1. Could you list, in sequence order, all residues of region 356-372 that are in a loop (DSSP other than H, G, I, E, B), more than 10 Å from ligand 2 (Cβ to nearest atom) and within 22 Å of residue 91 (Cβ to Cβ)?
2. As an exercise: evaluate residue 114 against (1) touching a Lys or Arg at 6+ places or on another chain (Cβ under 8 Å); (2) part of a helix (DSSP H, G or I) and give the number of the one condition it does not meet.
3. Scan region 526-540 for residues that are in a helix (DSSP H, G or I) and in contact with a Phe, Trp or Tyr (Cβ under 8 Å, 6 or more places away or on another chain) and jot them down.
4. Being out of contact with any Leu (no Cβ under 6 Å at 6 or more places or on another chain), open to solvent by less than 50 Å² (accessible area, probe 1.4 Å) and of a type outside the set (D, E, K, R) narrows it down to one of 199, 144, 180, so name that one.
5. Residue by residue through region 357-395, note down the ones that are on the phi > 0 side of the Ramachandran plot and more than 16 Å from ligand 1 (Cβ to nearest atom).
6. Can you work out which of the residues in region 99-114 that are in contact with a Ser or Thr (Cβ under 9 Å, 6 or more places away or on another chain) and closer than 24 Å to residue 257 by Cα is farthest from ligand 1 (Cβ to nearest atom)?
7. Can you tell me how many residues in region 474-505 are away from ligand 1 (no atom under 15 Å from the Cβ) and within 16 Å of residue 344 (Cβ to Cβ)?
Amino acid sequence: MDIKTVATTPFDDQRPGTSGLRKKTRVFLEKTNYLENFVQATFDSLEGFKGKTLVVGGDGRYGNKEAIQTITRMAAANGFGRVLIGKYGLLSTPAASCVIRKYKAFGGFILSASHNPAGIDEDFGIKYNGDNGGPAVEKITEAIYRHTLEIEQYLTCEAPDIHLEKVGSTQIGDTEVVVINPISDYALLMQEIFDFDAIRELFKSDFRMCFDGMSAITGPYARAILENELGAPKGTVINHIPRPDFGGGHPDPNLTYAKKLVSIMFGPTPPEFGAASDGDGDRNMILGRNFFVTPSDSLAILAANATLVPGYKDGLAGVARSMPTSAAVDQVARALQIPCFETPTGWKFFGNLMDAGKITLCGEESFGTGSDHVREKDGLWAVLFWLNILAVRKCSVEDIVRQHWQKYGRNFYTRHDYEGVAKDRAEDMMQNLRNRLHSLPDRVVGSMRISYSDDFSYTDPVDGSKSAGQGIRIQFNDGSRIVYRLSGTGTEGATLRVYIERFEENPAAHRIETQAALSDLIAFANNIAEIQKFTSRSKPTVIT
Ligand code: G1P
Ligand code: ZN
């Protein structure tokens, strides 16, 4: 193999965020060596990978295959012993995590911009996951960024394109390049966790579901597992073909973007169960007939019902949720007498807790749920978890949720997003609030009193690392909360997220509409932070 050393110049904007490097596709295409710089900077930040295995795959978006050819040549030139690539260049994020773990790879690249639209005028992204299958730790992402500032050259080699359409093995010099089935290892893992026989029986009855692949990565996975393996009727999975532009859609599984699924589930003759996953397959939305399950409730319900699933029959070591996620799962943890961790937003904080055996399940309010079977959130896994529960409990999604509220109380919950706000105004608003934190305790809103307020900081119980400034919390004596934080993933201006939550024990009040149930807290949240003044917006852009 002829290794080529190519001279390159650094860019100053390759700082990986919480979810890797995400930019407009044209940035990757038009800036010379943009991808190469990031890949080489990653290799330069790692030690001891010579002869080891690298996993590469993506969500199939525009640019995916070309990026894989580039990465494979660079991996060979840098001395990896083996590169595992999903057929057609595909691997969902949780499947990539599964493959990294199963084949004891050194790490892997996932090509995706998650739930963001795809295409030449939309987004592209890349992130590096370590040998535990989870997103690279901060030490590595910081090193990658440092290297992108200094990079002068990258290594590649002359080699014909890898034939991505066929499972099989070839060589580039000493490096073996193996195209693998992107579904089978993941499907086997799901089979080990869930009671497939019980779910098969469920589909033999008149139980029906609709899964929306949103023209992104999970279509083929859902077809293979739900339709072929579990016997759901053909057509159960809609929008099942992954398209380079995701069919022009926005593959974020929520009530706004999963339009087709929502119209079916809230239409005249909905099936019992509806679900969707995002662009790269790590998020999930769960629906019943005319019924939406909030991600925070979903996490709590999975935790409460975990022992019905073979993979969790011995119970949970503990649970974790991101700080802004509702405290519904805390109620379950208390009842089960297991630890419940509150982490900053972003998946990487869960990985350490899992590696240390401290938690089994975790989740975020942003439609992410997962367990220690991989080190990423996992959309289809959450759907199978619900199917397993439905197969055992034999009642509707709505019944399961209402019975849960009856037993544990209901955490009314909403998130108000103000997108594309001027960055300095948003930061001023946060600072203004931060300056007044000490004056908030003991203020009264209706029958609630503020017990404390702070700027959330987290000390990792495993490695002792500290993350400060993770969001402003206003906590009330009855369990209600208001949380403010600025998004770390937005691409234009700043996005202010306000999370509002109220705990209601009385079942008679559980049927109130969410925004109405939270109206006094919403008004207080707006006033106290002077949101309208700072953002010049009279109302949020998106309410979830
Ligand atoms: C958002 C979500 C967060 C999630 C992240 C990556 O980040 O809020 O829960 O981990 O996307 O999917 P944010 O934009 O709020 O920083
Ligand atoms: Zn995603």
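The values are calculated or read from the model by the stated rules, or taken from the named source; none is laboratory data. Being a predicted model, the structure only gives us computed values, none of them experimental. Cβ coordinates were reconstructed from backbone atoms using ideal geometry, including for glycine residues, and neighbour counts include every protein chain displayed. These accessible areas exclude ligands, DNA and RNA; they are computed on the full protein's heavy atoms, side chains included. Shrake-Rupley method; radii C 1.70, N 1.55, O 1.52, S 1.80 Å.
1. The answer is 372, and nothing else.
2. The one condition residue 114 does not meet is (2).
3. Once the filter is applied, which keeps residues that are in a helix (DSSP H, G or I) and in contact with a Phe, Trp or Tyr (Cβ under 8 Å, 6 or more places away or on another chain), region 526-540 yields 529, 531, 535.
4. 144
5. Passing the criteria: 357, 394.
6. 110
7. Residues in region 474-505 being away from ligand 1 (no atom under 15 Å from the Cβ) and within 16 Å of residue 344 (Cβ to Cβ): 1 in total.
Residues are listed down the side, and each one gets a yes or a no for (1) of a type in the set (Lys, Arg); (2) away from ligand 2 (no atom under 16 Å from the Cβ); (3) touching a helix residue (DSSP H, G or I) at 6+ places or on another chain (Cβ under 6 Å):
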{"residue": "108", "(1), (2), (3)": "no, no, yes"}
{"residue": "113", "(1), (2), (3)": "no, no, no"}
{"residue": "127", "(1), (2), (3)": "yes, no, no"}
{"residue": "137", "(1), (2), (3)": "no, yes, no"}
{"residue": "154", "(1), (2), (3)": "no, yes, yes"}
{"residue": "158", "(1), (2), (3)": "no, yes, no"}
{"residue": "168", "(1), (2), (3)": "no, yes, no"}
